[in-house]
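This report concerns only the one structure given below.
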Amino acid sequence: MEKNEIYNVKIESISSSGFGVCRIDGLVVFVADGVTGDEARIKIIKKNKNYAVARVEEIIERSSIRIDSDCAVFKRCGGCAYRNISYEAETEIKKTLVADAFERIGGIKITLDEYISAPSRCRYRNKGQFPVSTENGRLNIGFFASRTHKVVDCRDCLLQPEIFGEIIGEIARFIESENVSVYNEVSGKGLLRHVYLRIAEATDEIALCLVINGKSFPKIEKLTKALTEKFPQIKSFSLNFNREKTNVILGEKTVTVWGQNHISDILCGLKFRISPQSFYQVNRTQAQKLYAKAIEYAKLTGRENVIDLYCGAGTIGLCLADRAKKVIGVEVVPQAIENAKENAAVNNVENAEFICADAEEAAQILFDRGEKADVIIVDPPRKGLTEPLIKTVAGMSPERIVYVSCDTATQARDCRIFLSLGYAVKKVSAVDMFPGTTHVESVAVLTKTNG
């Protein structure tokens, strides 16, 4: 097999990253835009010792689960890997993905307790982070193409609210009319790096943040006036300063230039303040279902002490505080902890304490001071938990551990360690927080198997 060779194949399955999978002379080939059941003519674009990568040149016979994508940049963007298959097929793939991860990585055979599908594949995201670049004199604002840092121009993503596209369009006009420079990753020069938007679905409030590679933004007053007059939903406008040569979007310093330093949303009947650096689930509708499942698994009676690690703005902990004796939330981002404390006050929650520290460090502090934990909730980033943190959590001997995850592979890996420390996985559910994409949220409950 050589690069650029053409083959006729039948796609056997779809990988967890959204590529069709087939085999040619025993070699696994990952096919961009390949769908299970397709008979297709493909072109080899990359060949390694253990696998090859190809793209579809022509569909010879169309799979029964294939649909026409409704996104103009679907093939170039790569964010919605499943936008070319039916939602029913996507659901089955994600169910299998979760179960396979637990069995293959965790060594744990599970049957999903529940799979909670999404009501829509469109307009569900409440957050958008849009990189900005220029190419041959053309301004691009959109998303990085899959596995690259080339910006695909997409002002109106079907996952985002339509108003985000309208705001992006207004910012683009300002950049072009005022000759604002945009960031170049290679040279490290240029001012505007990202446009960052958030919307509170329940209140319709919008937060806008421009991430810049500099100390100030030209004619900020003029831009503020134009945007806030045209879009009264904007309640917070800030600048974030990131002058590092890094892939990390936000820098450490954020300054509010107009309005509030936060927006407010309603989640599970509670009011939450959200700042640019606070973690907040991007799909509010599905987040409420996810938290309801986590609360169900926690089995609270009002007598339990709950520790909520990676608490963000306090969402999960505050949603269950009325069912617990005490809640202690832990988060490393100072602004998020401030939001969590404000959220507790706004909702008159008096049995919640919030600690600003790394989860591993805070768990050890709580362990050392003899803090009793009946239930521990963890909702870590994609990389999962560290082994020392797992050992500290198990060492606190909670009756139940509720593990919320955006990456089932790392969740399964961590659950395997918990098994060796005297815990068993009792139930696992999945919630489709990110329809159209390869991602799915899962929640597991572990209980003690010994004293």
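For this structure, a couple of remarks:
- Enumerated helices (runs of 4 or more DSSP H) restricted to the stretch 284-358, each holding at least 2 residues that are within 17 Å of PRO398 (Cβ to Cβ): 284-298, 315-320
- Assessment of the stretch 70-77 against the conditions (outside the structural domain of ASN140 (by TED's automatic domain parsing) and in a strand (DSSP E or B)) yields no matching residue.
- Selected residue (criterion: farthest from the chain's Cα centre (by Cα)) from residues of the stretch 393-403 that are crowded, with 19+ Cβ neighbours inside 10 Å and assigned to a helix (DSSP H, G or I): ALA394
- Filtered by the rule that a residue be more than 17 Å from ILE105 (Cα to Cα), touching a helix residue (DSSP H, G or I) at 6+ places or on another chain (Cβ under 9 Å) and of a type outside the set (Gly, Ala, Ser), the stretch 386-403 gives PRO388, LEU389, LYS391, THR392, VAL393, MET396, ARG400, ILE401, VAL402.
- For the stretch 404-451, a residue qualifies if it is in contact (Cβ under 8 Å) with a residue 40 or more places away in the chain, part of a loop (DSSP other than H, G, I, E, B) and not β-branched (Val, Ile, Thr), and the qualifying residues are ASP432, MET433, PHE434, PRO435, GLY436.
- Tallying residues that are at pLDDT 95 or above and of a type in the set (Ser, Thr, Tyr) within the stretch 276-311 yields 4.
- A Cβ distance below 6 Å, combined with a sequence gap of six or more or placement on separate chains, defines the contacts here; from the stretch 24-39, residues that are assigned to a loop (DSSP other than H, G, I, E, B) and of a type outside the set (A, V, I, L, M) reach residues that are modelled with pLDDT under 95 and surrounded by 16 or more Cβ atoms within 10 Å (Cβ to Cβ) in the pairs THR36/ILE14.
- Counting only residues that are touching a Cys at 6+ places or on another chain (Cβ under 8 Å), touching a residue at least 60 places away in the same chain (Cβ under 8 Å) and surrounded by fewer than 24 Cβ atoms within 10 Å (Cβ to Cβ), the stretch 300-335 holds 0 of them.
- Condition check for GLU342: surrounded by fewer than 18 Cβ atoms within 10 Å (Cβ to Cβ) and not assigned by TED's automatic domain parsing to the domain that holds ASN242: no
- Taking the criterion of being surrounded by 15 or more Cβ atoms within 10 Å (Cβ to Cβ) and basic (Lys, Arg), the residues of the stretch 44-70 that qualify are LYS47, ARG55, ARG66.
- Complete set of residues in the stretch 339-365 that are free of Cβ contacts under 8 Å to residues at least 12 places away in the same chain, more than 16 Å from ASN305 (Cα to Cα) and among the acidic types (Asp, Glu): GLU361
- Residue check, ILE220 surrounded by 20 or more Cβ atoms within 10 Å (Cβ to Cβ), under 22 Å from SER275 (Cα atoms), more than 22 Å from the chain's Cα centre (by Cα) and not acidic (Asp, Glu): no
- Of all the residues in the stretch 198-216, those that are in a strand (DSSP E or B) and surrounded by fewer than 17 Cβ atoms within 10 Å (Cβ to Cβ) number 0.
- Subset of the stretch 253-282 [part of a strand (DSSP E or B), surrounded by fewer than 17 Cβ atoms within 10 Å (Cβ to Cβ) and touching a Ser or Thr at 6+ places or on another chain (Cβ under 8 Å)]: VAL255, THR256, ILE266, LYS271
- Count of the stretch 105-135 residues which are over 30 Å from VAL151 (Cα atoms) and touching a residue at least 60 places away in the same chain (Cβ under 8 Å): 11
- Any hit, the stretch 161-171, residues being of a type outside the set (Val, Ile, Thr) and under 23 Å from TYR291 (Cβ atoms): yes
Per-residue answers, yes or no, for (1) in a loop (DSSP other than H, G, I, E, B); (2) touching a strand residue (DSSP E or B) at 6+ places or on another chain (Cβ under 6 Å); (3) closer than 20 Å to LYS10 by Cα; (4) in the same structural domain as ILE417 (by TED's automatic domain parsing):
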| site | (1), (2), (3), (4) |
| --- | --- |
| LYS46 | no, yes, yes, no |
| ARG55 | no, yes, yes, no |
| GLU58 | no, yes, yes, no |
| GLY107 | yes, no, no, yes |
| VAL132 | no, yes, no, no |
| ARG147 | yes, no, no, no |
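- Filter result (within 22 Å of VAL28 (Cα to Cα), of a type outside the set (Val, Ile, Thr) and either in contact (Cβ under 8 Å) with a residue 40 or more places away in the chain or touching an Asp or Glu at 6+ places or on another chain (Cβ under 6 Å) (or both)) within the stretch 51-87: ALA52, ALA54, GLU57, GLU61, SER63, LYS75, GLY78, ALA81, TYR82, ASN84
The values are calculated or read from the model by the stated rules, or taken from the named source; none is laboratory data. These numbers come from a predicted model, not from an experiment. Glycine gets a Cβ as well: all are built from the backbone with ideal geometry, and neighbour counts include every protein chain shown.
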